[in-house]
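Report on the structure given below.
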Amino acid sequence: MTKSFGYSDAMSKAKIWEAYANYYAGEEIIDEGFNVNTGYVYIYLENGITIASCFGQEVDFIVWDDDTDEEIILESYEELVDHLDK
C-alpha cells in the first residue's frame, strides 16, 4: 500500500527534491520515504547525507557522526558545508 500525502507532506517532498536538484543532482539515491515517528519526508543519499523536511518546512540536512554515534541535524546547506569541512 502506498502512503497518501497531505498538503504539508507534499510541500516537504517538493522542498527535498528542490534541494536535491540544487545541491546533489546526480548523487545516487539509496532510499526515499516518510518516517512516521518524526514526520520527516526524506531522501537518503549514497554519500551519507539525508535531505529531509517535515510539515512543509525548510529542509534539514542530516548526517551521522561516527564519533558520537548520533545524528546531526543541520538547518542549511551552508551549515552542512561548514560541518563537512571540519
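Quick note: the coordinates plus some simple rules give every number you see, no bench work behind them. Computed from a predicted model, the values in this text were never measured in an experiment. Every residue, glycine as well, gets a Cβ built from its backbone with ideal geometry; the counts of neighbours run over all protein chains shown.
Okay, here's what the table says:
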quantity	calculated
Angle between the chain longest axis and helix 7-19 axis [Cα atoms, degrees, rounded to 10]	40
The chain: C-alpha pair distances exceeding 22 Å, %	22
Sorted peptide list for 36-45, 23-32, 50-59, criterion being average Cβ within 10 angstrom, highest first	50-59, 36-45, 23-32
Size of charge dipole - region 7-85 - debye, nearest 20, with Cβ of Lys, Arg +1 and Asp, Glu -1, no other charges	600
Computed [θ] at 222 nm, helices only, for the chain once each DSSP H run of length n ≥ 4 contributes -39500 (n - 2.57)	-7500 deg cm²/dmol
Region 12-53 versus region 59-75: alpha-carbon centroid distance in Å	14
